[in-house]
Amino acid sequence: MAQRKDKEKDQDYSIPLDRFYVDREGPSWIRIMLSKVNFGLSTGYGRTTFRHELTGFSLSQPTSGQPLLFNPATPAVGYNNWFNQLTPVTITPSPSDYIVSSDTASIGFRNRSFQIPVRATLHVEVGKFRIGGGYSLDFTRVGDFESIYDPENISNFVPDIESFTLRKYFLLAGVSVYRYDNYLLTADINLGGYGLGNKFDNTIIDRGMFFNLGATLERDMSEYFRLFIRPSYEIKGYDLTIAEAGRSIRHQMNAFNLHVGATYRIPELRKCFIPECRAQINHAHGNREYRSRVHPIYKKQNPHYGENYPNLIKYKGKNKRKLNPY
């Protein structure tokens, strides 16, 4: 009899919860991998500094018109429009012409123009590191070039184009260096090539790569959506070859850019398949977990409850001035 009581005492009479609850099936490994992918789109404002020096050449400034470039070895053959397309001209010397040589002065021209960039990126984010690529269209305005040497006697150099579209394709890499609450600071670099378009004579232009160093300040709006601002400095340039002179002109076109945009990350959970479901948090139907159908991507979601309406109506508007809102 005593043995029977001991046996009943050892039995477990707890509720078998496994009959009422099931283990949630999380996202597949494919969706986990895709959730590391971020798409970005931005625009902004840029300031480009064009500058070139005419080492090995001379300038002839007639009494009227633009300055002409020529090789001291062949002074009768000059060149105009040496910014984008080389145009040969015949120089007829005049005693009133103002002539200066690179042997005695640092001659060249410069200007500052603005640009509007439109930039799209795709990168993979793993921990604090990110790597990816992108494409950018920079709509660039070209102004008149002012002479570096003696601008009072040398007229401005006016190129035959007013604007052009700079096309850039690049790889990007970055590392997050600091986080405060919903703000994240990332140092990054863009490295790639670019095209100047059909307004430039690409047969005589040798382009190099460009380097863009920047810092991205991001604001988390939700688990998948961020707003960001990115100041950066860009170094690039090209050589325009003058075959007859056996020389080339180095054009620098460094720029400061300020991008404003947004990034979107692919969610790791599928959207809930029930159209009538109004759950605001990640939830399960059966043993599979889903994300909310009604939670907007621009709101940060608390993992324990939805935040579509974090403030009750009784605390809004004129009710908030009442001592007792009930």
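Details
- Selection status of ILE107, outside the structural domain of ASP206 (by TED's automatic domain parsing), farther than 22 Å from THR165 by Cα, surrounded by 14 or more Cβ atoms within 10 Å (Cβ to Cβ) and free of Cβ contacts under 8 Å to residues at least 60 places away in the same chain: no
- Residue within region 229-250 that is charged (D, E, K, R), in the same structural domain as PHE145 (by TED's automatic domain parsing) and within 26 Å of LYS128 (Cβ to Cβ) present: yes
- Residue in region 221-230 that is modelled with pLDDT of 95 or more, exposed (fewer than 14 other Cβ atoms within 10 Å of the Cβ) and under 20 Å from ASN257 (Cα atoms) present: no
- Within region 39-66, residues that are in contact (Cβ under 8 Å) with a residue 40 or more places away in the chain reach partners that are in a strand (DSSP E or B) and among the acidic types (Asp, Glu) with beta carbons closer than 7 Å, at six or more positions or on different chains, in the pairs GLY46/ASP138.
- One residue alone among THR241, THR263 is among the β-branched types (Val, Ile, Thr) and closer than 30 Å to GLU53 by Cα, and that residue is THR241.
- Filter result (within 24 Å of HIS259 (Cβ to Cβ) and either free of Cβ contacts under 8 Å to residues at least 12 places away in the same chain or among the basic types (Lys, Arg) (or both)) within region 131-174: ARG141, ARG167, LYS168
- Residue match in region 299-319 (condition: among the basic types (Lys, Arg), at pLDDT below 90 and part of a strand (DSSP E or B)): no
- Within region 278-298, considering residues that are part of a loop (DSSP other than H, G, I, E, B) and surrounded by 15 or more Cβ atoms within 10 Å (Cβ to Cβ), the one farthest from the chain's Cα centre (by Cα): ALA279
- Matching residues in region 245-258 - criterion: being touching a residue at least 24 places away in the same chain (Cβ under 8 Å) and assigned to a loop (DSSP other than H, G, I, E, B): ALA245
- Within region 125-156, if we keep just the residues that are of a type in the set (S, T, N, Q) and part of a strand (DSSP E or B), the residue that is modelled with the lowest pLDDT turns out to be SER147.
- Residue check, TYR13 modelled with pLDDT under 70, over 30 Å from SER102 (Cα atoms) and hydroxyl-bearing (Ser, Thr, Tyr): yes
- Residues being charged (D, E, K, R) and part of a strand (DSSP E or B) - total across region 29-47: 1
- Members of region 259-277 that are closer than 29 Å to LEU184 by Cα and either aliphatic (A, V, I, L, M) or outside any loop (DSSP other than H, G, I, E, B) (or both): HIS259, VAL260, GLY261, ALA262, THR263, TYR264, ARG265, ILE266, LEU269, LYS271
The values are calculated or read from the model by the stated rules, or taken from the named source; none is laboratory data. The shown structure was predicted, so the numbers you read here are calculated from the model rather than taken from an experiment. Cβ coordinates were reconstructed from backbone atoms using ideal geometry, including for glycine residues, and neighbour counts include every protein chain displayed.
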